[in-house]
There are 2 protein chains.
Amino acid sequence: MDISAPRPATAQEALALRYGADAIPAAGPWNDHIALLLSHRSVRGYRPDALPKGTLETLVAAAQSAATSSNLQTWSVVAVHDPAARAAMAKAAGNQKHIEQCPLFLVWCADVSRNARLGQEEGAELPTLPYLETFLVAAIDAALAAQNAVVAAESLGLSTVYIGALRNDPALVTELLGLPPGVMGVFGLCVGYAAPGVTSEVKPRLAQPAVLFHDRYDAAGEPALRAAYDAKMAEFSRRNEMAATSWSQRVIARMGKLTAMGGRDKLADVLRALGFPLR
Amino acid sequence: MDISAPRPATAQEALALRYGADAIPAAGPWNDHIALLLSHRSVRGYRPDALPKGTLETLVAAAQSAATSSNLQTWSVVAVHDPAARAAMAKAAGNQKHIEQCPLFLVWCADVSRNARLGQEEGAELPTLPYLETFLVAAIDAALAAQNAVVAAESLGLSTVYIGALRNDPALVTELLGLPPGVMGVFGLCVGYAAPGVTSEVKPRLAQPAVLFHDRYDAAGEPALRAAYDAKMAEFSRRNEMAATSWSQRVIARMGKLTAMGGRDKLADVLRALGFPLR
């Protein structure tokens with residue numbers, strides 16, 4: 001399916017793409033907004049075409065409209081235009097060329113420095129700043145904001161992909177973008193028009209009973225659900241990536257060796273150096 | 001403005017509600033999806049009315065359609081129906097009655113236990129599990145998922161509010177929901193129809209130049225932007241909460257004393273006890 005293909009006309013079709021025809025959840029309400037959300041795919045190849053004027057500002061308005069814990073607004077976003085900075089980040093992120101290629105590359109930051117400056121300027125001590133909780137609030141708020149930007153971008157016919165590998169070397173990102181202490185680039189986001197030939201199917205997910213529970217966590221059905229999903233993902237990867245790898249194989253490849261973390265096993269120490277004591 | 005009021009007809013109106021008429025960002029593309037995102041307000045009072053059949057499943061389908069790092073799907077969600085469990089969580093969250101009141105209460109969990117079980121069952125060691133990075137991926141993925149559920153809910157005319165105070169006592173949440181090691185309730189989410197009389201205006205945010213940077217972080221304009229926003233928030237709180245408190249005053253009230261953390265200053269130790277070594 002081409003990324004520019006129209007979205008499935010019905011809930012059943014959209015849910016079948018996401019879960020497989022045998023694992024469609026109970027029928028519920030549906031509308032164009034939900035169809036848009038269901039149609040998400042990450043895209044890793046972009047045309048160089050510039051975005052319409054004001055797109056960045058619209059995406060950021062969507063992002064700032066997301067909830068933020070106690071309205072603390074502990075995040076910032078940096079649009080990276082400089083080709084040299086992009087190239088350096090692409091390299092650090094394991095040679096992800098789309099970071100250089102996409103017309104808009106955003107670095108979403110956990111940012112408690114604004115609040116810290118406020119405290120300094122007002123002569124107020126803010127003893128909560130050094131806590132893990134405060135970093136976590138900032139990272140979660142950045143994620144809520146970024147996801148709203150993703151939804152807005154996709155509603156405009158744009159494609160996106162998150163770049164978690166920006167955490168391979170957060171100190172480099174800090175240096176490149178001049179981030180003050182108390183700011184950390186949590187992830188990147190490529191935004192642009194999908195390149196021709198970069199097709200991407202909706203990726204199936206685990207069936208709902210594997211992730212949704214009622215009152216009590218219950219993994220009793222998990223082995224059967226995982227086996228069914230393994231078969232689906234092997235089929236998906238055969239169609240799209242020419243190697244029939246199951247989900248279990250992929251999880252083991254990703255989580256089964258520290259080298260697969262690309263340096264992110266050092267994140268706790270790096271964060272402390274960047275002004276997040278994680279107390 | 002009543003929560004059930006129609007959304008502003010134009011981008012300019014919606015942006016003026018979010019930023020104030022003097023701080024509207026550059027005009028950009030616009031559509032109904034973006035208007036929906038801009039119209040978000042958190043709502044803290046709900047009618048008891050049940051949701052249409054299948055609403056939960058639709059919200060979870062939207063949630064699962066969000067990006068997830070390397071498709072690891074390190075999150076779960078628990079729908080809490082049991083009134084006693086809800087009452088206990090409401091109390092621990094500083095007596096937030098809407099947790100008991102809303103027709104749907106969801107606990108979004110960072111969950112690496114599914115991957116851990118997979119490794120055990122397949123006889124594969126997963127040495128990446130104990131790292132801070134892995135917890136952070138799980139928390140961010142839970143946030144991306146939840147935000148999609150929020151957008152889906154609001155598209156259906158429902159209201160929501162995130163409950164960060166679920167982290168006041170994560171061990172209690174673990175006990176109430178029977179969460180295994182490697183699972184942590186990161187935040188709650190109330191979903192339902194706004195109660196009559198629970199009006200809520202779109203809350204203004206910092207002007208874009210305070211949070212959006214180009215190539216380099218630059219806080220030079222921040223004091224003026226903060227002063228302008230302080231005035232806007234004092235006006236907003238006077239209209240909505242009958243106490244004209246500026247943003248700076250609120251940040252200091254929230255971040256200026258450890259007691260305002262409601263126990264979340266212990267989060268690092270609590271997470272370690274729940275199976276996240278945060279290495």
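The values are calculated or read from the model by the stated rules, or taken from the named source; none is laboratory data. All values reported here derive from a predicted model rather than from experimental measurement. In this analysis, Cβ positions are derived from the backbone assuming ideal geometry, glycine residues included, and neighbour counts consider all displayed protein chains. To get the accessible areas, we keep the full protein, side chains included, count just its heavy atoms, and leave off ligands, DNA and RNA. Shrake-Rupley method; radii C 1.70, N 1.55, O 1.52, S 1.80 Å.
Any residue at all in the stretch B:188-198 that's open to solvent by less than 10 Å² (accessible area, probe 1.4 Å), outside any helix (DSSP H, G or I) and at the interface with chain A (Cβ under 8 Å from one of its Cβ atoms)?
No, the stretch B:188-198 contains no residue that is open to solvent by less than 10 Å² (accessible area, probe 1.4 Å), outside any helix (DSSP H, G or I) and at the interface with chain A (Cβ under 8 Å from one of its Cβ atoms).
Report, by residue number, each residue of the stretch B:80-104 that is within 24 Å of residue A:70 (Cα to Cα) and outside any loop (DSSP other than H, G, I, E, B).
Matches in the stretch B:80-104: B:86, B:87, B:88, B:89, B:90, B:91, B:92, B:98, B:99, B:100, B:101, B:104.
Report yes if residue A:39 is modelled with pLDDT of 95 or more, over 25 Å from residue B:210 (Cα atoms) and open to solvent by 10 Å² or more (accessible area, probe 1.4 Å), otherwise no.
Yes; evaluated as a whole, the condition is true for this residue.
Does residue A:202 count as touching a residue at least 60 places away in the same chain (Cβ under 8 Å), β-branched (Val, Ile, Thr) and surrounded by fewer than 24 Cβ atoms within 10 Å (Cβ to Cβ)?
yes
Can you tell me which condition residue A:232 does not meet? The list is (1) surrounded by 15 or more Cβ atoms within 10 Å (Cβ to Cβ); (2) without any contact (Cβ under 8 Å) to a residue 60 or more places away in the chain; (3) part of a helix (DSSP H, G or I), and all the others hold.
Here residue A:232 clears every test but (2).
Quick check on my filter: what residues within the stretch A:111-121 are open to solvent by 10 Å² or more (accessible area, probe 1.4 Å) and within 8 Å of another protein chain (Cβ to nearest Cβ)?
A:117, A:121
Give the residues of the stretch B:235-279 that are without any contact (Cβ under 8 Å) to a residue 40 or more places away in the chain and small (Gly, Ala, Ser), sorted by residue number.
Hits for the stretch B:235-279 are B:237, B:243, B:244, B:246, B:248, B:253, B:256, B:260, B:268.
Only one of these is closer than 16 Å to residue B:249 by Cα and without any contact (Cβ under 8 Å) to a residue 24 or more places away in the chain: A:128, A:74. Name it.
Answer to the check: A:128.
Output the residues belonging to the stretch A:151-169 that are within 8 Å of chain B (Cβ to nearest Cβ), hydrophobic (A, V, I, L, M, F, W, C) and either in a helix (DSSP H, G or I) or open to solvent by less than 10 Å² (accessible area, probe 1.4 Å) (or both).
Of everything in the stretch A:151-169, those that are within 8 Å of chain B (Cβ to nearest Cβ), hydrophobic (A, V, I, L, M, F, W, C) and either in a helix (DSSP H, G or I) or open to solvent by less than 10 Å² (accessible area, probe 1.4 Å) (or both) turn out to be A:151, A:152, A:161.
Under 24 Å from residue A:154 (Cβ atoms) and more than 11 Å from chain B (Cβ to nearest Cβ), is that true of residue A:234? Working first, answer last.
Numbers: under 24 Å from residue A:154 (Cβ atoms): no; more than 11 Å from chain B (Cβ to nearest Cβ): yes.
Against the criterion (under 24 Å from residue A:154 (Cβ atoms) and more than 11 Å from chain B (Cβ to nearest Cβ)), residue A:234 does not qualify.
Looking at residue B:19, is it more than 19 Å from the chain's Cα centre (by Cα), buried (at least 18 other Cβ atoms within 10 Å of the Cβ) and touching a residue at least 60 places away in the same chain (Cβ under 8 Å)?
So residue B:19 passes the test.
List the pairs whose first member sits in the stretch B:78-105 and is open to solvent by 60 Å² or more (accessible area, probe 1.4 Å), whose second member is part of a strand (DSSP E or B), and whose Cβ atoms are under 6 Å apart, counting only residues at least 6 apart or on separate chains?
Qualifying pairs under 6 Å: B:101/B:46.
Could you list, in sequence order, all residues of the stretch A:205-229 that are out of contact with any Leu (no Cβ under 8 Å at 6 or more places or on another chain), in contact (Cβ under 8 Å) with a residue 60 or more places away in the chain and either part of a loop (DSSP other than H, G, I, E, B) or open to solvent by less than 40 Å² (accessible area, probe 1.4 Å) (or both)?
Within the stretch A:205-229, A:205, A:208 meet the criteria.
If you go through the stretch A:170-180 one residue at a time, do you hit one that is touching a residue at least 12 places away in the same chain (Cβ under 8 Å), more than 9 Å from chain B (Cβ to nearest Cβ), in contact with a helix residue (DSSP H, G or I) (Cβ under 6 Å, 6 or more places away or on another chain) and not in a helix (DSSP H, G or I)?
no
Here are the criteria: (1) of a type outside the set (S, T, N, Q); (2) closer than 16 Å to residue A:189 by Cα; (3) more than 12 Å from every other protein chain (Cβ to nearest Cβ). Tell me which single one residue A:22 does not satisfy.
In the conditions (1) of a type outside the set (S, T, N, Q); (2) closer than 16 Å to residue A:189 by Cα; (3) more than 12 Å from every other protein chain (Cβ to nearest Cβ), residue A:22 misses (2) alone.
Can you tell me which residue in the stretch A:122-137 is nearest to residue B:257 (Cα to Cα), limited to those that are more than 7 Å from chain B (Cβ to nearest Cβ) and surrounded by fewer than 19 Cβ atoms within 10 Å (Cβ to Cβ)?
Ranking the qualifying residues of the stretch A:122-137, first place goes to A:130.
Out of (1) open to solvent by 10 Å² or more (accessible area, probe 1.4 Å); (2) not in a helix (DSSP H, G or I), the odd one out for residue A:108 is which?
(1)
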